[in-house]
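> Below is the structure I would like to discuss, written out as structure tokens.
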Amino acid sequence: MQRPHNHQLLPLLLITGALFAACGDEALEQPASEELGAPTARAFPPTARPDTVEHFRADMAAVRHTSDGGGRAELVLSDGDDGSVMAGARRRWTFHFTVGPEGISDGGALYFQTSPFWGWSTPQVIRPREPGFTDVELINKGSDDALLLEPQTLGPNLLAILCSGRALREGEVIELVFGANEALARADRHAEEGATFWFAVDGDGDGVRELLEDCPKVNVYAGPPSLLVLTLTSTVRPQERPRLTAAILDVTASTGLEIEGALNLQLMSSTGIEGPTLTINFEPEDSGRKTIELEPLPKGVWRASGAITLDEIELSSISNPLLCDAEARRVRWGDLHGHSQLTDGTGTPDDFYTYAREVAMLDFCALTDHDHWGMRFVDAHEEVWQGLQNTTNAHNAPGEFVTLVGYEWTSWIHGHRHVLSFNDSIPMLSSIDEETDDPAELWAALRGTDSLTMAHHSAGGPIATNWDFPPDPVLEPLTEVMSVHGSSEAMDSPSLIYSPLKGNFVRDALDKGYELGFIASGDGHDGHPGLPHLSPFYSYRAGNGSSSARVGTGGLAAVYCEELTRPALLKELRARSTYATSGPRILLSAALEERPMGSHLKPTRGDAALSLRLHGQAPIEEIELIRSGAIVTRIKLQEPTLDLEHVFRLSALEEGEYVYLRIKQVDGGLAWSSPWFITERESGPWRLSPGKER
């Protein structure tokens, strides 16, 4: 009997462990990077996986037989049952696979795969009392039939049904019962529309398989209400009407709950002045979320507190701070890095943007699904890429909510970057295409376009950034210091990234002379842009009577931007008018000698003043000043406070130095200012001095 070849199995199996598992730090035998088209000889970073790239290239080069991917899979349902299930719950699903016109040869195989993300049971045939047990049989098979169907679990979430004895003929039907025993089968832990059960066929038995064009889908709906999230507009001018979004979510921050109840709200200023009280009445058709406009507020810092009782359970929350001030620079919040069910996330692209706007109340957002990773590769399906761009553009509403076309350039050699376009479309430049498989080639292909790239999880898992390629000063002026993977800022950072690689942090890149502003973004795979830090699967811990809530890992990009449009955002991002948080909407305003974050500042002989103003979503407990690679000042507040101002004095700032701030809340929430760079140059791209080391 022919067995599936490893080169074809591995791409689909890789996803399960590689995305969230730590990479080893062993050195690999690697060619000099001239072989990949880099301008000078460089070694790959220790976390590089050239073998993974070769597996993907072999898969793309493999010839598919016309019988591969043939046939039809259907979900068998009784009257009144649509196959849906509550997030994280268990049930049984029955499928009928009908063999296609060319059959499946002796030695061929049918494959059944559940999503390798977020807790779907693995289809398995050896533990009948455990979840995911799967019965497989040919309907109406005769007792003397020579056909043998041999189901084998090949790895997490993947079942192969090998065919021997004779070929499967057109029209024959294989029945799969997923969750055939009393333990049933567990669904996705997150609510999503159109969760896919994947079927693939190797029709000729050569080890090369192809996904069916249409695979069965079911809906996963949210669990009971568990979280109340209140979000206010962060900055307004007097006489402007701020917005407030109230969202009632399940334990994983999924939306779509059909609830009924009254949410009572109170606005309070930081000086203790009580503002208006109001009530929001939820009806089932609201899906557990509502956005309202408030009356203009007096000058000051405001927060909203609210509570609602649902089925004798009280949910309460305090919002982010709102600053009302005629002189306030507008802060816009965004998540520029996330994934959907198109690759290795959950939920549809449409639901991704709806959640960003209606639940998380983001100002801007980008869905950056992988170029070549996940279940169906976007770079190999132009219609999928075009559909993703169309969905992104359909949600773009200048002045209200800005969406950016983007994707993740998923290099398993040089590190992952997301590519963002500030136009309606952008070519898909794949990380496994030999013309664009290193950063220099990627930037060369993008040069002259309204695009940006940003390195992420650069200091460790799942793969570290190759900082031997100096970031293009126009295309990559920023870097992501925080995401669900943890912080890549520095080895001494709280919420450190997993599998950290010493010497590969953002601070190490600054020490090389790279001038990079800071942002953060979620890199969430749960379909919840803007709020992954509220998921228990990203380390969120709910508070109770004896302990306070602890936010998990996540990330938000804060941009000082007056107009909410694509061109305005591009201008401010390129100017490094940004700061980063791990998810909470901390208001951070800082200036060094009256120069904003991300600026150049000339060397000083005397003292320089760095003024800081903070308004936390939880009390601030620690502020650190980092200067040229070292923490030079740490302020640990004996009595943490929501609002504070402070002035640092820095002496004799010298050419080539940099300075930035790191802030920590009592709930673990973090924020980073973009650095200030000390140089005689007023502006313009940085230049790395040969052999420069600090």
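> For the subset of the range 163-192 comprising residues that are outside any loop (DSSP other than H, G, I, E, B) and small (Gly, Ala, Ser), which member is surrounded by the most Cβ atoms within 10 Å (Cβ to Cβ)?
Filtering the range 163-192 for residues outside any loop (DSSP other than H, G, I, E, B) gives 163-164, 168, 173-178, 185-186, 192.
Now restrict to residues that are small (Gly, Ala, Ser): 164, 185.
Details: Ser164: 18, Ala185: 25.
Per the criteria, the residue is Ala185.
> Now for a separate question. Within the range 534-548, can one find any residue that is crowded, with 22+ Cβ neighbours inside 10 Å and not aromatic (Phe, Trp, Tyr)? Working first, answer last.
So in the range 534-548, the residues crowded, with 22+ Cβ neighbours inside 10 Å come out as 534-535, 538, 540.
If we keep only those that are not aromatic (Phe, Trp, Tyr) as well, we get 534-535.
Looking for residues that are crowded, with 22+ Cβ neighbours inside 10 Å and not aromatic (Phe, Trp, Tyr), one finds at least one in the range 534-548, hence yes.
> Right, next: Consider the range 200-212. How many of its residues are in contact with a Gly (Cβ under 9 Å, 6 or more places away or on another chain) and farther than 12 Å from Val99 by Cα?
To start, the set of residues in the range 200-212 that are in contact with a Gly (Cβ under 9 Å, 6 or more places away or on another chain) comprises 200-206, 209-212.
Still in the list and also farther than 12 Å from Val99 by Cα: 204-206, 209-211.
Matching residues across the range 200-212 total 6.
> Turning to a different aspect of this structure: Checking the structure you have, find out if any residue of the range 637-644 is part of a strand (DSSP E or B) and in contact (Cβ under 8 Å) with a residue 40 or more places away in the chain. Quick ask: steps written out before the conclusion?
Taking the range 637-644 first, the residues part of a strand (DSSP E or B) are 637-644.
Within this subset, residues satisfying the condition of being in contact (Cβ under 8 Å) with a residue 40 or more places away in the chain are 642-643.
Checked the range 637-644: at least one residue is part of a strand (DSSP E or B) and in contact (Cβ under 8 Å) with a residue 40 or more places away in the chain.
> Please state which one of Leu573, Leu510 is buried (at least 19 other Cβ atoms within 10 Å of the Cβ) and either in a loop (DSSP other than H, G, I, E, B) or more than 20 Å from the chain's Cα centre (by Cα) (or both).
Numbers: Leu573 fails: either in a loop (DSSP other than H, G, I, E, B) or more than 20 Å from the chain's Cα centre (by Cα) (or both).
It is Leu510.
> Could you list, in sequence order, all residues of the range 316-360 that are surrounded by fewer than 20 Cβ atoms within 10 Å (Cβ to Cβ), polar (S, T, N, Q) and assigned by TED's automatic domain parsing to the domain that holds Val402?
Once the filter is applied, which keeps residues that are surrounded by fewer than 20 Cβ atoms within 10 Å (Cβ to Cβ), polar (S, T, N, Q) and assigned by TED's automatic domain parsing to the domain that holds Val402, the range 316-360 yields Thr348, Thr354.
> Hey, another quick one. For the range 480-532, which residues satisfy the criterion of being hydroxyl-bearing (Ser, Thr, Tyr) and closer than 23 Å to Tyr353 by Cα? Talk me through it step by step, then tell me what you get.
Initial filter on the range 480-532 (hydroxyl-bearing (Ser, Thr, Tyr)): 483, 487-488, 493, 495, 498-499, 514, 521.
Matches in the range 480-532: Ser483, Ser521.
> Checking the condition in contact with a strand residue (DSSP E or B) (Cβ under 9 Å, 6 or more places away or on another chain), closer than 22 Å to Ala557 by Cβ and touching a residue at least 24 places away in the same chain (Cβ under 8 Å), which residue from Glu293, Glu358 passes?
The unique qualifying residue is Glu358.
> Moving to a separate point now. Can you pull out every residue in the range 431-456 that is within 19 Å of the chain's Cα centre (by Cα) and outside any strand (DSSP E or B)?
Ser431, His456
> Here is a further query. For the list (1) in a loop (DSSP other than H, G, I, E, B); (2) surrounded by 21 or more Cβ atoms within 10 Å (Cβ to Cβ), I need the number of the one condition that Glu258 fails.
With respect to (1) in a loop (DSSP other than H, G, I, E, B); (2) surrounded by 21 or more Cβ atoms within 10 Å (Cβ to Cβ), Glu258 is out only on (2).
> Hey, can you tell me all the residues within the range 51-88 that are touching a residue at least 40 places away in the same chain (Cβ under 8 Å) and in a helix (DSSP H, G or I)?
Thr52, Val53, His55, Phe56, Arg57, Ala58, Asp59, Met60
> Name the residues in the range 315-328 that are at pLDDT 95 or above and either closer than 16 Å to Arg585 by Cβ or among the charged types (D, E, K, R) (or both), would you? Working first, answer last.
Here is the first cut: in the range 315-328, the ones at pLDDT 95 or above are 315-326.
Across the range 315-328, the qualifying residues are Ser317, Ile318, Ser319, Asn320, Pro321, Leu322, Leu323, Cys324, Asp325.
> Follow-up. List every residue pair whose Cβ atoms lie under 8 Å apart, where the two residues are 6 or more positions apart in sequence or sit on different chains, the first residue falls within the range 432-445 and is assigned by TED's automatic domain parsing to the domain that holds Phe377, and the second residue, located anywhere, is among the basic types (Lys, Arg) and not in a helix (DSSP H, G or I).
Note: pairs meeting the criteria are Pro439/Arg417; Leu442/Arg417.
> Further, regarding this structure: Is it the case that some residue within the range 669-678 is over 31 Å from the mean Cα position of the chain (by Cα), assigned to a strand (DSSP E or B) and crowded, with 18+ Cβ neighbours inside 10 Å?
Here is the first cut: in the range 669-678, the residues over 31 Å from the mean Cα position of the chain (by Cα) are 678.
Okay, now just the ones that are also assigned to a strand (DSSP E or B), so 678.
Keeping just the survivors that are crowded, with 18+ Cβ neighbours inside 10 Å gives 678.
Taking every residue of the range 669-678 in turn, at least one turns out to be over 31 Å from the mean Cα position of the chain (by Cα), assigned to a strand (DSSP E or B) and crowded, with 18+ Cβ neighbours inside 10 Å.
The values are calculated or read from the model by the stated rules, or taken from the named source; none is laboratory data. Remember, it's a predicted structure, so these values are computed and weren't measured experimentally. Cβ atoms come from the backbone with ideal geometry, glycine included; neighbour counts cover every protein chain shown.
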